[in-house]
Each structure stands twice: as C-alpha cells, then as structure tokens.
1. Could you list, in sequence order, the residues of the range 1-47 that are of a type in the set (S, T, N, Q) and surrounded by fewer than 16 Cβ atoms within 10 Å (Cβ to Cβ)?
2. Could you grab me the full set of residues in the range 85-124 that are surrounded by fewer than 23 Cβ atoms within 10 Å (Cβ to Cβ), small (G, A, S) and either in contact with a Ser or Thr (Cβ under 7 Å, 6 or more places away or on another chain) or outside any helix (DSSP H, G or I) (or both)?
3. Limited to the range 296-319, what total is found for residues that are exposed (fewer than 13 other Cβ atoms within 10 Å of the Cβ), within 24 Å of Q148 (Cα to Cα) and not small (G, A, S)?
4. If you check I157 against the conditions, is it under 14 Å from the mean Cα position of the chain (by Cα), among the β-branched types (V, I, T) and under 21 Å from R197 (Cα atoms)?
5. Please indicate, with yes or no, whether at least one residue in the range 180-189 is in contact with a Leu (Cβ under 7 Å, 6 or more places away or on another chain), among the aliphatic types (A, V, I, L, M) and either crowded, with 21+ Cβ neighbours inside 10 Å or modelled with pLDDT under 95 (or both).
6. Let me confirm something: among D51, D43, which residue is of a type outside the set (S, T, N, Q), assigned to a loop (DSSP other than H, G, I, E, B) and either over 25 Å from Y103 (Cα atoms) or in contact (Cβ under 8 Å) with a residue 60 or more places away in the chain (or both)?
7. For the range 59-82, give me each residue that is surrounded by fewer than 18 Cβ atoms within 10 Å (Cβ to Cβ) and either part of a loop (DSSP other than H, G, I, E, B) or of a type in the set (F, W, Y) (or both).
Amino acid sequence: MPKISVIMPVYNVEKYVAAALESVINQTFSDIEIICINDGSTDDSLKILQDYAQKDNRIKIISKENSGYGASMNIGIASAKGEYIGIVESDDFIEPDMYKKLYNTAEANNLDLIRCQYYQYNSLKNTNNTVFVDWIEKNKIYKPLDFQPIFYQAPAIWSNLVKKELLQKYNIKFLETPGASYQDTSFAFKLYCASERFMMIDDCLLHYRIDNENSSVNSKQKAFYVNTEYREISNFAVKNGFYKRVRKLIPKIKYGCYMWNYERLNKRFKLPFLLRWSFENLRDFCLGNIDPKLYTSSQYFKILIITFFPYLYLLRRKK
C-alpha cells in the first residue's frame with residue numbers, strides 16, 4: 001500500500017499535463033501512486049498520460065465520459081489506496097520535495113491535515129509570486145474550529161495533504177456539479193471542520209498556474225454554483241454537529257467568496273445573483289448568524305445594502 005495517493009484530474013490540458021506529471025514522478029518521496037482521471041479529454045491529454053504510464057507503473061489512468069471536476073475527484077478518492085491523499089492539478093507543478101516535507105511533518109506530528117504555501121505562476125509574464133498566509137502561525141498545530149481564521153484562506157486544496165481516514169470518517173466528498181466551478185469551496189471547509197490536528201508550514205512547494213486560458217477561474221458562467229457550495233457547507237455542518245460552532249463563520253467567509261463571484265459575473269447575471277444573496281442574508285439575519293464584529297465597517301455596510309436594497313447596490317456598482 002502506498003503512503004500517498006496523488007490524484008490528478010485531467011481535461012484538455014495537453015499543453016501542461018506533461019510538466020505536471022514530471023513534477024510528481026520526480027518527487028524525492030517515491031512511495032506514491034499517481035491516479036490520473038481523464039475526464040473525457042478531446043485533445044492529446046490521454047495519449048500523454050498513456051505514454052507516461054508505460055514508463056512508470058505508479059501511474060494509474062481512469063478514463064470516463066466528461067462529467068466534471070467533482071465527479072473526477074470523487075472517483076480518484078474512492079480509488080486511492082494511500083494513507084494520505086494529495087491533489088495536483090494538471091496545469092500546475094510541484095517542487096521535488098513537496099510530498100517528502102508534507103508527509104514527514106504530518107507523520108511526526110500526527111496531523112489530519114497539513115498545508116504548504118504556494119506560488120502563483122504565470123509563464124507568459126515569467127512571474128512566480130508567493131501567496132503567503134500571514135495570519136496563521138507556521139509549524140504550529142491547530143484545531144481549526146478553535147482558531148477559525150484558518151477558514152479565511154483560499155481553498156487551494158492542492159496545497160494540502162490529508163489523511164484518507166478523515167475523509168472516510170466524515171464521508172467528505174466533492175459536489176458533482178457540471179464542469180469545474182467552486183467544487184473546492186465546500187471540500188476545503190469540510191476538511192477544516194473535521195480536522196483535529198492541522199498545521200501550515202512555511203515552505204512554498206506548489207506552482208499554481210494563472211495563465212491557463214481554459215481554467216475555470218476564467219469562466220463567468222455557472223453563476224449560482226457557489227450558492228450550491230455554501231448550501232452544502234451548511235448541510236455538512238448541521239449533519240456532523242458543527243453548526244453551532246460555525247453558524248457565524250459561514251456568512252463571514254461567504255461574503256468574500258460571493259463578492260469575488262459577483263464582480264466577475266456577466267451583467268445579465270448580476271441582479272439574479274444579488275437577489276439570491278439578499279435572500280440568504282435575510283435568513284442569516286433572522287437566525288442571528290451575521291455578527292457585525294466580524295466585519296469591517298465598509299464590509300458590513302455593503303452587506304446591509306445587498307440584503308435590504310439589492311437593486312440600489314446594483315445601480316451603485318454601475319457608477
């Protein structure tokens with residue numbers, strides 16, 4: 001049984017997948033399996049995977065009809081035999097010692113979940129900028145529910161290594177909405193809720209590509225998938241007895257996520273999205289879940305306008 005299962009979802013990434021695979025194959029920690037989920041690619045991605053699999057028996061290819069990121073990841077998790085699970089996106093690449101550092105630290109500290117820093121990589125501009133979370137002390141063990149600023153991070157699930165038994169204990173899966181939009185949002189939240197022992201380390205070990213024109217972050221469609229993710233977050237919290245601990249946290253992190261989504265939406269989706277957001281906020285106000293102390297004055301003012309005067313907020317943003 002391998003120590004680590006690395007899951008790589010693949011869909012039409014013939015330009016990048018070889019570099020991603022090379023970075024995993026050449027890890028200084030070799031006791032891994034590499035599970036590549038080909039999500040119905042129509043370019044040469046599958047051929048590239050097959051060529052590498054012939055050279056390295058740690059690579060396993062699962063091909064299926066296109067059904068989206070969440071479905072691919074769930075198949076990968078179900079197929080994984082490792083003690084820990086890592087994720088490498090097929091347009092990213094990782095440092096040679098990433099999994100050695102993460103695994104050794106996780107084992108030494110009996111961690112459920114460990115996370116590293118990462119770079120935002122742009123090959124067109126030849127930039128590699130560090131994304132550094134400065135509000136979490138590094139190399140310190142936390143229970144995220146007891147230190148909730150941990151939840152404020154970007155999901156960045158590919159910067160994690162997680163014990164498979166944690167996923168099994170809480171039946172943590174991805175939502176299987178079509179395409180690749182926001183499915184990491186609820187998944188990351190579930191990991192933090194469930195983890196008793198979490199650590200973040202200083203090392204930047206992954207290069208997150210931001211110049212892939214086909215990346216889901218460049219899509220302005222699927223406007224309401226983020227709402228589905230937050231409904232899943234609430235459902236998970238209620239089902240597993242976490243809701244009282246996170247009922248005020250959820251609207252707080254939702255604010256940043258929804259605002260980012262709103263700003264990038266096509267104009268025709270902005271009002272429907274605001275109306276949905278307004279309805280969700282009204283419910284949270286009634287339940288006492290929106291705590292003014294958790295927001296800046298500017299943020300809280302925007303929440304009030306969006307909640308009670310969504311049309312006014314739409315007009316205000318057009319100025």
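1. Within the range 1-47, the subset of a type in the set (S, T, N, Q) is 5, 12, 23, 26-28, 30, 38, 41-42, 45.
Correct list: N26, T28, S30, T42.
2. Matches in the range 85-124: S123 only.
3. So the count comes out to 2.
4. yes
5. From the range 180-189, those in contact with a Leu (Cβ under 7 Å, 6 or more places away or on another chain) are 183, 186; that's our starting set.
From what is left, the residues that are among the aliphatic types (A, V, I, L, M) are none.
No, that holds for no residue.
6. When all the criteria are applied, what remains is D43.
7. Result: E65, N66, S67, K81.
The values are calculated or read from the model by the stated rules, or taken from the named source; none is laboratory data. Since we're looking at a predicted model, the values are computed, not measured. Quick reminder, even Gly has a Cβ in these numbers, built from the backbone with ideal geometry, and neighbours come from all protein chains shown.
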